[in-house]
Amino acid sequence: SIHNINNQIYIVSKNGLFTFDRNSIRKIPVKELDGIILSSEAVDDHIYLGVYQRGIFVVDTEGNVRKKYDRITDGINIGVVCSMQNDLKRKRIWIGTDGDGLCILDSLGIRLFDLGTTANLPNTVTDIYRDPFQNIYAGSSINGIYCIRPETVSFYSEHELPCRIVTSICHDGTDVWVGTDG
């Protein structure tokens, strides 16, 4: 992942946090971080790192851990955070996990996203995308892609895909594009 924070480029790879000044790449040591980073998201001046089997680390741009959400937080398994998507309008971060599906991190902590319908999201959400209309697209490992309208807390639609593992999602202003494994 690549993040721009205050006109400084930060790169997150499975091996850690780096800064790029257009001439060189410098590793930023993150204290207490001993694991593989699977996902990241930038919020304000902090970077949220989803670390395999360790939870979520919130670090500042100097690599200091400001907050940590353990692997099991309030009964939710965030040991494998596949994806994160910032939602500034609603002051939350959408979290896609392997184990507890779609979760929300906000001022109340981490909790499962309640669809409020009979729709059943899979327990593995591989990618999350928020489109310009504020709809949330959640790609799964087995059932294709789901679209959720969070304002009404309702399940919008489900789209089966020939190859069911969603690896990436984006929007070009008109259509939603979905990358799949295979």
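A few points about this structure:
- Considering (1) among the charged types (D, E, K, R); (2) touching a residue at least 24 places away in the same chain (Cβ under 8 Å); (3) closer than 27 Å to THR174 by Cα, the lone condition that LYS91 does not fulfil carries the number (2).
- For region 46-57, the tally of residues that are more than 15 Å from PHE18 (Cα to Cα) and surrounded by fewer than 20 Cβ atoms within 10 Å (Cβ to Cβ) stands at 2.
- Within region 9-56, being in a loop (DSSP other than H, G, I, E, B) and among the β-branched types (Val, Ile, Thr) holds for VAL30, ILE36.
- Checked against (1) of a type outside the set (Ser, Thr, Tyr); (2) over 20 Å from PRO122 (Cβ atoms); (3) touching a residue at least 40 places away in the same chain (Cβ under 8 Å); (4) open to solvent by less than 70 Å² (accessible area, probe 1.4 Å), VAL65 meets all criteria but (3).
- Scanning region 129-182 for residues that are open to solvent by less than 50 Å² (accessible area, probe 1.4 Å), at pLDDT 80 or above, under 23 Å from LYS91 (Cα atoms) and assigned to a loop (DSSP other than H, G, I, E, B) turns up ASP131, GLN134, ASN135.
- Top-ranked residue in region 72-99 [being farther than 19 Å from SER140 by Cβ and not in a strand (DSSP E or B); ranked as most open to solvent (accessible area, probe 1.4 Å)]: LYS91
- Residue count for region 17-45, restricted to those that are surrounded by 17 or more Cβ atoms within 10 Å (Cβ to Cβ) and at pLDDT 90 or above: 11
- One residue alone among THR73, THR126 is within 22 Å of ASP181 (Cα to Cα), touching a residue at least 24 places away in the same chain (Cβ under 8 Å) and polar (S, T, N, Q), and that residue is THR126.
- All told, SER107 meets the bar of being among the hydroxyl-bearing types (Ser, Thr, Tyr), out of contact with any strand residue (DSSP E or B) (no Cβ under 8 Å at 6 or more places or on another chain) and either over 21 Å from VAL176 (Cα atoms) or at pLDDT 85 or above (or both).
The values are calculated or read from the model by the stated rules, or taken from the named source; none is laboratory data. Everything numeric here is computed off the predicted structure, so don't read it as measured data. Note that we place each Cβ from the backbone using ideal geometry, even for glycine, and neighbour counts take in every protein chain shown. For the accessible areas, the whole protein counts, side chains as well, though only heavy atoms, and no ligand, DNA or RNA atoms are used. Shrake-Rupley method; radii C 1.70, N 1.55, O 1.52, S 1.80 Å.
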